[in-house]
1. Measuring from centroid to centroid over Cα atoms, what is the spacing of the range 42-58 and the range 129-144 in Å?
2. Would you mind ranking 9, 99, 155, 50 so that the residue whose beta carbon has the fewest other beta carbons within 10 Å leads the list?
3. For the range 62-75, take each phi angle, set θ = phi - 60°, evaluate the Karplus expression 6.51 cos²θ - 1.76 cosθ + 1.60, and give the result in whole Hz per residue in order, putting x for glycine and proline.
4. For the chain, what does the equivalent ellipsoid look like in terms of its semi-axes, each the square root of 5 times an eigenvalue of the Cα gyration tensor, given largest first in whole Å?
5. Evaluate E = 1/(1 + (r/R0)^6) for residue 105 and residue 22, where r is the Cβ-Cβ distance and R0 equals 25 Å; express this FRET efficiency to the nearest 0.05.
6. Between residue 162 and residue 68, what is 0.36 nm times their sequence separation minus the Cα-Cα distance? Round to one decimal in nm.
7. About the Cα centre, and with charges only on the beta carbon of Lys, Arg (+1) and Asp, Glu (-1), how big is the dipole of the chain? Nearest 20 debye, please.
8. Ranking 21, 129 by Cβ neighbours within 10 Å, fewest first, what do you get?
Amino acid sequence: MTAYLDVDVRPILRAGGEPFSVFMAALERLEEGQGLRLHATFKPVPLFAVMADKGFAHSANAIEGGEWEVLFTPAAAKPAQVAAPSNGFDFGAWPEPRVKLDNRDLEPPEPMVRILAAADQLGPGETLSALLRREPVFLFPQLEKRGFCWLGGFVSDGATYELTVRAPS
């Protein structure tokens, strides 16, 4: 049976704060085979992909007052996310990024705005890389709508999301 470390971010959320760093710090404290039990004021859907990338399955249950309890249980690790429009895009060797952005010190929506602006300046098949504090879930549909492909995932520090975007050829 899996032992769980409890993380209650409801007070942070109610105060208007951003609990991601608290959650990630708890993740760093886990012992081998241990899971996380998260309590939040909403269903943290974007966190599911983040944790899947780190090798955790999730089980979400609505509790009293519209709040949520989510169990993150160790599972087989998932490879980095890959998304491409359904246009037969070739995922062969990608060139070195022409543009490198460090967006970790920016507040949303500025990272998305900077990435989209830089992506619009790429030539056919060129790439850009960006470092972010969180998975840019709202950026992905915008990239795909514009015909860009992307690769992304959290790096080994667990706090930096590395995104590579490739322009259509």
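1. Cα centroid of the range 42-58 versus Cα centroid of the range 129-144: 16 Å apart.
2. 155, 99, 9, 50
3. Per-residue couplings from phi come out as 5, 10, 3, x, x, 8, 10, 10, 10, 9, 10, 10, x, 9 Hz.
4. Semi-axes (√(5λ), whole Å): 32, 17, 14.
5. Between residue 105 and residue 22 the formula returns 0.85.
6. Result: 31.0 nm gained on full extension.
7. Roughly 300 debye for the chain.
8. Fewest-to-most Cβ neighbours within 10 Å comes out as 21, 129.
Throughout, read-outs are computed from the coordinates displayed, never taken from laboratory work. Keep in mind that what you see is a predicted model, and the values were worked out from it rather than measured. Cβ sites come from the backbone with ideal geometry, for glycine too, and all protein chains shown count toward neighbours.
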